[in-house]
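The values are calculated or read from the model by the stated rules, or taken from the named source; none is laboratory data. As the structure is a computational prediction, the values presented were derived from the model and not from experiment. Every residue, glycine as well, gets a Cβ built from its backbone with ideal geometry; the counts of neighbours run over all protein chains shown.
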Amino acid sequence: MRYHFKIFLLSMCIFLYSFAPGQAVEALKIGLVDFQKVLDNSVAGQAAQEEINRKGEAIETELRKKGEEIEAIRNQLERESLVMSREAREEKEREIRIKIGDFKSMQNRYMESFQEAERELVAKIQREVITLVREIGTKQGYHLILERRESGAVYFHEPLDITNQIIDAYNKKTASDR
């Protein structure tokens, strides 16, 4: 649905532009930006990726500790089950089930937290890049700048891709903001 709307919008822009009086001689200036490439290659994007990786590693370490704790209790139960009373064995099994439930709950909370942090970092960079794209579009006289993956562009002429220009401008902007 979204794809069809963008194609329709682009078609309408081109159609209406072709009938604009006094502007028919001027060429339509279109650019494409690959946000994923900006995220991968910009200084701010790489810093965000590093922060996301650090958070992921911290979560993984915490979950590994909890998993090892459960495994230790399980091993203890296996070793001592023959000499334990039935009530003590049932109590240990119940403790293991509770710890497994807590582990799964913790895992879900951590993953939701991690994904939310990742979304926030990416959204922040995306907002900054969109603002920058608008500034560059206005200054350089672009009529239309599309996000490469969202636009559904299967083919485009390489000079239309202004991603490297956006990355350079974004790196300069984020360096001056520090």
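For the structure I just gave you, tell me whether G31 is in contact with a strand residue (DSSP E or B) (Cβ under 6 Å, 6 or more places away or on another chain), surrounded by 11 or more Cβ atoms within 10 Å (Cβ to Cβ) and in contact (Cβ under 8 Å) with a residue 12 or more places away in the chain.
So G31 passes the test.
Among (1) among the hydroxyl-bearing types (S, T, Y); (2) exposed (fewer than 12 other Cβ atoms within 10 Å of the Cβ); (3) under 30 Å from R148 (Cα atoms); (4) modelled with pLDDT of 90 or more, where does S42 come up short?
(2)
Can you name every residue in region 136-155 that is basic (K, R) and surrounded by fewer than 13 Cβ atoms within 10 Å (Cβ to Cβ)?
Correct list: K139 only.
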